[in-house]
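The values are calculated or read from the model by the stated rules, or taken from the named source; none is laboratory data. Just so you know, these numbers come straight off a predicted model, no measurement behind them. Here the Cβ positions follow ideal geometry from the backbone for every residue, glycine too, while neighbour counts run over all protein chains shown. These area figures cover heavy atoms from the full protein model, side chains too; ligands, DNA and RNA do not enter into them. Shrake-Rupley method; radii C 1.70, N 1.55, O 1.52, S 1.80 Å.
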Amino acid sequence: MSSGIADINGLQLYYEIKGTGQPLLLLHAGIADSRMWDAQFEAFSKTYQVIRFDLRGFGQSNMPSGSFSNYEDVRALLDFLGIQTLYLLGISLGGAIAIDFVLAYPSYAEALILGAPSVNGETPSERIRDFWEEEEIALEEDDFERATELNLSFWVDGPHRQANQVDPALRQQVAAMQMDIFQKDIPEDIEEIELMPPAIERLREIQIPVQILVGELDLEEENSLADKLLDQITQSTKVVIPDAAHMLNMENPEIFNQNILDFLAEV
């Protein structure tokens with residue numbers, strides 16, 4: 001394995017690479033950092049050149065002042081590494097970034113894998129908006145522990161389980177990553193430049209093989225959004241991962257990994 005810092009777009013982006021073969025880029029969720037991919041980084045590197053990295057403001061990557069777009073950071077990282085074609089795998093926020101990247105730079109990606117993806121431009125449900133409001137109140141009070149627990153309950157436990165029904169090691173792993181995010185020093189003048197028109201209006205433009213994975217125990221909104229992608233992306237398939245909520249790759253890695261390896265083998 002090799003690791004490094006890419007000086008791109010005015011920031012220092014931490015990345016790791018392992019394996020050889022066709023590059024496979026992993027984009028992490030918004031409640032985590034690149035450590036969420038531990039069970040995939042090792043397994044996939046036996047067949048592919050796997051790259052994982054921390055988005056700006058996450059993990060070991062900094063968050064400089066000014067405007068940015070995550071999909072442009074992806075492009076800059078690939079150019080820094082000399083990668084021109086690859087497979088992309090993103091979960092949650094990482095899925096939204098992967099979709100934006102494919103729409104902005106369609107010549108790079110040969111296949112796209114989306115786990116419980118967000119899609120930029122999609123109207124959030126009332127339940128999700130209420131969650132964001134609760135989280136914001138906790139953060140305004142500098143109550144990072146409560147904000148972290150809110151995220152664990154909403155995303156890791158999901159709507160169908162109590163905390164004591166979830167693997168405590170999984171909750172502890174995600175809690176550590178989420179707490180790190182909340183404690184980072186983020187400048188007040190940052191501005192994210194969004195892809196326009198937004199991805200939710202452009203899904204039919206995606207003309208590469210796409211696999212969509214959702215957790216059986218995730219929010220109903222996630223399954224509905226996955227069906228929307230399935231309907232609008234021509235070469236797409238959907239897989240439901242059993243006994244998993246939003247962090248499906250961490251909760252049921254064996255089934256998650258095997259589905260992806262089978263999909264990429266066919267690609």
Lys/Arg Cβ at +1, Asp/Glu Cβ at -1, dipole of the stretch 201-264 taken about the Cα centre: which of Val210, Ala244, Phe256 is farthest positive-ward?
-> Val210
Tally the DSSP beta bridges in the stretch 1-119 and give the antiparallel ones as a percent, rounded to 5.
-> 45 percent
If the chain between Asn223 and Glu136 were fully stretched, how many nm would it gain, using 0.36 nm times the residue separation less the Cα-Cα distance?
-> 28.8 nm
Over all alpha-carbon pairs of the stretch 160-240, lay out the pair-distance distribution in 5 Å bins, whole %, shortest bin first.
-> 3, 11, 13, 13, 15, 15, 17, 12, 1
Ellipticity estimate at 222 nm from DSSP helix runs (n ≥ 4, -39,500 (n - 2.57)) divided over the chain, nearest 500 | -11500 deg cm²/dmol
Cα centroid separation - the stretch 1-54 against the stretch 93-115, whole Å = 15 Å
Can you pull the one-decimal nm distance between simple spin-label points at Glu191 and Ser67, each 7 Å off the Cα toward Cβ?
-> 0.5 nm
Kindly provide the pair-distance distribution of the chain built from C-alpha pairs, with 10 Å bins from 0 and whole-percent values in order of increasing distance.
-> 7, 31, 39, 21, 2, 0
Could you give the Stokes-Einstein D for the stretch 52-149 in µm² per second, using the C-alpha Kirkwood radius, 37 °C, 0.692 mPa s?
-> 213 µm²/s
Computed accessible area, Val240, all protein chains, 1.4 angstrom probe, square angstrom | 80 Å²
Ordering Met63, Met177 by the accessible surface of their heavy atoms, 1.4 Å probe, largest first, yields Met63, Met177
Computed accessible area, His160, all protein chains, 1.4 angstrom probe, square angstrom = 100 Å²
For Lys228, which aspartates and glutamates qualify as cross-link partners when the Cα separation must be under 18 Å and same-chain residues fewer than eight apart are set aside?
-> Asp100, Glu122, Glu201, Glu205, Glu216, Asp218, Glu220
Convex hull over the Cα atoms of the stretch 45-101, averaged projected area in nm²?
-> 4.6 nm²
Taking every DSSP beta bridge that has both residues in the chain, what percent is antiparallel when rounded to the nearest 5?
-> 30 percent
Å² of accessible area per residue within the chain, as computed with a 1.4 Å probe and no ligands counted | 44 Å²
Check the straight Cα-Cα distances from Lys18 and name the aspartates and glutamates below 16 Å, setting aside those fewer than 8 residues away within the same chain.
-> Asp38, Glu42, Asp54
Give me the percent of the accessible area of the stretch 1-151 that comes from carbon and sulfur atoms, probe 1.4 Å, all protein chains in place.
-> 44 percent
When only DSSP loop residues count, what trypsin sites (Lys or Arg not before Pro) in the stretch 23-119 have their Cβ near at most 13 other Cβ atoms within 10 Å?
-> Lys46
